[in-house]
1. Let me confirm something: among LYS16, LYS9, which residue is surrounded by 13 or more Cβ atoms within 10 Å (Cβ to Cβ), among the charged types (D, E, K, R), farther than 23 Å from LEU114 by Cβ and outside the structural domain of LEU114 (by TED's automatic domain parsing)?
2. How many of the residues making up the stretch 103-127 are surrounded by fewer than 17 Cβ atoms within 10 Å (Cβ to Cβ) and within 19 Å of PHE77 (Cα to Cα)?
3. Could you grab me the full set of residues in the stretch 47-66 that are within 17 Å of ASN91 (Cα to Cα) and either in contact with a Lys or Arg (Cβ under 7 Å, 6 or more places away or on another chain) or in a strand (DSSP E or B) (or both)?
4. Quick one: which of PHE77, PHE110 is aromatic (Phe, Trp, Tyr), part of a helix (DSSP H, G or I) and outside the structural domain of GLN43 (by TED's automatic domain parsing)?
5. Go through (1) free of Cβ contacts under 8 Å to residues at least 40 places away in the same chain; (2) within 17 Å of LYS122 (Cβ to Cβ); (3) in contact with a helix residue (DSSP H, G or I) (Cβ under 9 Å, 6 or more places away or on another chain) and name the single condition THR51 misses.
6. Looking at (1) surrounded by 10 or more Cβ atoms within 10 Å (Cβ to Cβ); (2) within 19 Å of the chain's Cα centre (by Cα), which is the one condition that is false for ASP64?
7. Regarding SER89, is this residue closer than 30 Å to ALA131 by Cβ, within 16 Å of the chain's Cα centre (by Cα) and in a helix (DSSP H, G or I)?
8. Taking the condition in contact with a helix residue (DSSP H, G or I) (Cβ under 9 Å, 6 or more places away or on another chain), over 30 Å from LYS135 (Cβ atoms), surrounded by 12 or more Cβ atoms within 10 Å (Cβ to Cβ) and of a type in the set (Val, Ile, Thr), does VAL30 pass?
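The values are calculated or read from the model by the stated rules, or taken from the named source; none is laboratory data. Worth saying up front: this structure is predicted, and the values here are computed from it rather than measured. Methodologically, a virtual Cβ is constructed for each residue, glycine included, from the backbone with ideal geometry; neighbour enumeration extends over all protein chains shown.
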Amino acid sequence: MPIHIVESKGFVDFLKVVNPRYKPMSQITVRKRVLLNSEALKQRIIGLLSTCGVVNITLDIWSDRQLRAFLGVTAHFIDDSNGSFKLCSVNLETQRFNGRHSGENFATAFETVLHEYSIKNKINYVINDNAAKMKRAFTTNFPREDNDSQPLVKTEHCFE
């Protein structure tokens, strides 16, 4: 939904039915609050990921009905901070993907996310679809280490 809906009469009337004490907010106020909350949440996720030894990633690129491309990156890890082992999955990024859909551009966007969350050295597996460009992104940009038979990032192509 577009953010300007918060100022529409129908939306305001609906929320007043749900909560008679509701005080309408402008779209500018809502946008500021969303940005503040999302940055605070991102910092919490970075803190949580900093305690993990290994992070696995699922990665996908898709287009909406208007043919706008999006990149989605999800981290999967074990949180053992409370003494119990809890499997966690967090969406690190869902962003518009502009530009050419090349393996190099996919890899650049992915590396940016890894850098933002300080997890590049913690990645174990990356699960993605079977697209040739996606395969190229990882074979070209995450090559095998010199004396290791395993790739730097092991990719599994499972979505058909």
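1. Every option except LYS16 fails the conditions.
2. Total meeting the criteria: 8.
3. Of everything in the stretch 47-66, those that are within 17 Å of ASN91 (Cα to Cα) and either in contact with a Lys or Arg (Cβ under 7 Å, 6 or more places away or on another chain) or in a strand (DSSP E or B) (or both) turn out to be CYS52, VAL54, VAL55, ASN56, ILE57, THR58, LEU59, ASP60, ILE61, TRP62.
4. PHE110
5. Failing condition for THR51: (3).
6. Condition not satisfied by ASP64: (1).
7. Values: closer than 30 Å to ALA131 by Cβ: yes; within 16 Å of the chain's Cα centre (by Cα): yes; in a helix (DSSP H, G or I): no.
For SER89, the condition - closer than 30 Å to ALA131 by Cβ, within 16 Å of the chain's Cα centre (by Cα) and in a helix (DSSP H, G or I) - is not met.
8. yes
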